[in-house]
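Below is one structure, written out as structure tokens, with a few remarks after it.
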Amino acid sequence: MLEVRDLRYKYPDGHEALRGVSLSVGEGEKVAIVGANGSGKSTLLLHIAGAVGVQSGRITFKGHEGSEILREKVGLTFQNADDEILMPSVIEDVAFSLVASGTPPRSAHERAGEILAALGISHLSSRPPHRLSGGEKRLVTFAGILASNPEILALDEPTAGLDPKARRRVINFLRETEKAVILATHDLDMALDVCGRAVILSGGEISAKGELPELFKDESILEASGLELPLRYQ
């Protein structure tokens, strides 16, 4: 469904953030992208979601190329939830993309309410987003991308700042969804719970890739990329 081929990206200061990255994601597949800070995870997600233009290489969705189709088909959450929250109430924020695309406000709010209920945060619907905790904001941004019904969820550290109960709620949702998921995270235990395979980035390159859980049981591979064994294997 999604194909990334020999993707390369250099920032204006000359730093080469991606150096020939290639990967594919099939229909409904769940793939983890892991690596130490600065390995290129977030930059790769920005490309996959069409938020950054391709300098070198190619990204296609079902054979079609270009940032526009990626922005339409891929729902992206950022590391900082404050970058995504715009509206005065949670329900309005979650419904925003639907209203913007022409859905009648009443129908958009009904759909937003269903998503908030599925995530267990209906009680936040009338709250102003700036009054939420960091974890609550993250769940709201997650609900916001689900409202636009993308075919791929590209999630950058989706459980950062969540308490154990909320973290488990997100994990369960991701396990059950039929959508394809690309999960960039430091949380290897969550990746094991959600994903069937993983790609390890190091210095902008793929240093290893393989099926889970086997890949994350290899301490030497993880250590070489600045990672530690998941807690369940320590």
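The values are calculated or read from the model by the stated rules, or taken from the named source; none is laboratory data. Everything quoted here is computed from the prediction, not taken from an experiment. We place every Cβ from the backbone using ideal geometry, glycine too, and count neighbours over all the protein chains shown. Protein only, heavy atoms only, side chains kept; ligands, DNA and RNA dropped before computing areas. Shrake-Rupley method; radii C 1.70, N 1.55, O 1.52, S 1.80 Å.
Numerical summary
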item	result
Among 179-186, 113-120, the order from most to least packed when residues are scored by Cβ within 10 Å on average	179-186, 113-120
Net charge over other residues, Cβ less than 11 angstrom from the Cβ of PRO213 (K, R count +1; D, E count -1)	-2
Over the stretch 46-172, relative contact order from alpha-carbon pairs under 8 Å, at least 6 apart, %	31
Positive-end extreme of charge dipole, the chain - chosen from VAL54, THR185, LEU124 (charges on Cβ)	LEU124
Area accessible to solvent at MET190, 1.4 Å probe radius, in Å²	0
Rounded percent of accessible protein surface that carbon and sulfur make up, the chain, 1.4 Å probe	47
The chain - percent relative contact order, Cα under 8 Å, separation 6 or more	26
Built amide H within the under 5 Å cut-off of ILE33, gap 5+	LEU183, ALA184, THR185, VAL199
Cα long-axis angle, helix 164-176 against the chain (0 to 90 degrees, to the nearest 10)	80
Distance between modelled label sites at GLU72 and HIS186, nm, 7 Å Cα→Cβ extension	3.7
Among 89-99, 27-37, the order from most to least packed when residues are scored by Cβ within 10 Å on average	89-99, 27-37
Cross-link pairs beyond the 18 Å C-alpha cut-off, checked among LYS41/LYS179; LYS10/LYS41; LYS165/LYS217; LYS10/LYS209	LYS41/LYS179; LYS165/LYS217; LYS10/LYS209
Long-range HN-HN contacts of ALA208 with modeled amide H, under 5 Å	ILE200
Average accessible area per residue (Å²) across the chain - probe 1.4 Å, nucleic acids and ligands excluded	47
